[in-house]
Amino acid sequence: MTGHTGQPLRVGVIGLGRAFTLMLPTFQRDRRVQLVAACDPVATATAQFSRDFGGQVHASAAALCADPSVELVYVASPHQFHCEHVLAAAAAGKHVLLEKPMAITVHECTRMVDAMQSAGRVLIVGHSHSFDGPALLARALIDRGEIGRVGMIHALNFTDFLYRFRRPEELDTARGGGVVHSQAAHQVDVVRMLGGGMLSKVRAATAQWDTTRPTEGAYSALLSFANGAFASLTYSGYGHFDSDEWMGWRGELGSAKSAADYGAARRRLCAVGDVAEEVAAKVARNYGGSAWQPANDSPAAHQHFGPVVVSGERGDLRLMADGVWVYGDRERRFEALPAPTIPRREVIDELWAVLREGALALHDGRWARATTEASLAILTSAREGRDIDLQWQVPWR
């Protein structure tokens, strides 16, 4: 499973859209990674890739997977294509870094897990926010016994997700759209890691309040763990209250935000006339587009996914963008984290440990399938009005 010790991971990218844009600063700054190939249907994106990296541009995902210079395939295509592209990589004998959500059905997750296992290749799913430094620090504090046995976790996030420029399928639940498919994977992954992984059931409600954006824009869920602990999740993408206010006005990517930017996403959306214009505006802001702006600075804080509080027998943990507050029986203290030198470096840390040092993957296919199962259970529970029992859960290593 390991090889090429010390040499950069040679990465081919399927999909140069928003997900790739968010990983781009990591790929550019981490010398353990080398981008060698890409494919994408948008010509401006592939042209930008050729200028930036000089790598091979392929006409199809299959051709990229067959490229002998590619060691690891980064699948950052739209959700509905994840299974197809992972199966192509497995058939070509390539390792895979797959963007969240793993898939839009558990069956697709299982097909990917089985194919990668049969090929003897590594599948790591992310970036989810359980890779973030504060989440990993909180998990380490739990492992050290700082708060005793975890009994309760609260996670919430209020954003403008639904009013950012979207393609039609991103507003169609059946094709992987809406906040449950796109955003619940983050919250579920974080609370599963903090709670040990083994969920038993989900009860949830969802909301669709805007007929012009016809998909789930909000949800609340109660997740029960097999050991008796529980977690509550709340997410709203309707763009009113911004919960980054409770994170010291640090945005999801760790950069400072201004309260004066309130309503910016809605204002931008109102400036486009129809679906075609909205799609064009999204393409323009993506990698290589006419309105694309490369990231030039390193954020002073870590990435996060909104306020999270973990409660145990002897204390609470509160995750922030620059560390974790520890509330014990007799003291309150702050466990600070140094500013990240490379955003999302933790993703490359895990890839490197697995592919170069022989470590076991933490965010592997089975872990991600369990997160997908719980995320999809939010939709099922809301639709059917009942608890949903889970069967694919695995523990955090």
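What follows draws every value from the coordinates through simple rules; no lab data is involved. Since the model is a prediction, treat every value here as computed from it, not as a measurement. Neighbour counts run over all protein chains shown; Cβ positions are idealised from the backbone, glycine included.
If I take R0 = 56 Å and measure r between the Cβ atoms of A280 and A300 in this structure, what FRET efficiency does the formula 1/(1 + (r/R0)^6) give, to the nearest 0.05?
0.95
Hey, of (i) 0.99; (ii) 0.95; (iii) 1.24, which did the structure itself give for Cα Rg over 2.2 N^0.38 Å when calculated?
Identified label for the calculated read-out: (ii).
Defining a contact as two alpha carbons under 8 Å apart and six or more residues distant in sequence, what relative contact order in percent does the chain show?
Relative CO of the chain lands at 22 percent.
Label region 212-280 by shape, choosing from rounded, prolate and oblate, from the square roots a ≥ b ≥ c of the eigenvalues of the Cα gyration tensor; if a/c is under 1.5 it is rounded, and otherwise prolate applies when a/b is larger than b/c, oblate when it is not.
Oblate.
Translational diffusion coefficient of region 328-397 at 20 °C, 1.002 mPa s, Stokes-Einstein with Kirkwood Rh over Cα pairs, in µm²/s as a whole number.
Once the numbers are plugged in, D ends up at 136 µm²/s.
Please give me, ordered by residue number, the trypsin sites (Lys or Arg not before Pro) of region 257-345 that lie in loop per DSSP and have at most 15 other Cβ atoms within 10 Å.
When the trypsin sites (Lys or Arg not before Pro) of region 257-345 are filtered for loop state and at most 15 Cβ neighbours within 10 Å, R314, R330 remain.
Using helices alone, what [θ] at 222 nm do you get for the chain, with -39,500 (n - 2.57) per DSSP H run of 4 or more residues, divided over all residues and rounded to the nearest 500?
Estimated from H runs of four or more residues: -9500 deg cm²/dmol.
In nm, what is the difference between 0.36 nm times the number of residues separating A260 and R29 and their Cα-Cα distance?
80.1 nm
Counting other Cβ atoms within 10 Å, which trypsin sites (Lys or Arg not before Pro) in region 99-152 have at most 10 and lie in a DSSP loop?
Counting only loop positions with at most 10 other Cβ atoms within 10 Å, the trypsin sites (Lys or Arg not before Pro) in region 99-152 are R144.
Quick check on region 104-155: take the gyration tensor over C-alpha atoms, sort the square-rooted eigenvalues as a ≥ b ≥ c, and tell me if it's rounded (a/c under 1.5), prolate or oblate.
It comes out prolate by the Cα gyration axes.
Can you count the Lys pairs in the chain with C-alpha separation below 26 Å, eight or more apart or on different chains?
4
Counting Lys and Arg as +1 and Asp and Glu as -1, each charge on the Cβ, what is the dipole of the chain about the Cα centre in debye, to the nearest 20?
280 debye
For the peptides 85-95, 53-63, what is the packing order when you average, over each peptide's residues, the other Cβ atoms within 10 Å and list the highest mean first?
Put in order of decreasing packing, that is 85-95, 53-63.
What is the gain in length, in nm to one decimal, between T105 and E313 on full extension, counting 0.36 nm per residue of separation less the C-alpha to C-alpha distance?
So the extension gain works out to 71.3 nm.
Can you put F20, F165, F334 in order of Cβ neighbours within 10 angstrom, beginning with the fewest?
Lowest count first: F334, F165, F20.
Rg and Dmax of region 155-284, Cα atoms, in Å?
Looking at region 155-284, its Cα Rg and Dmax stand at 16.1, 52 Å.
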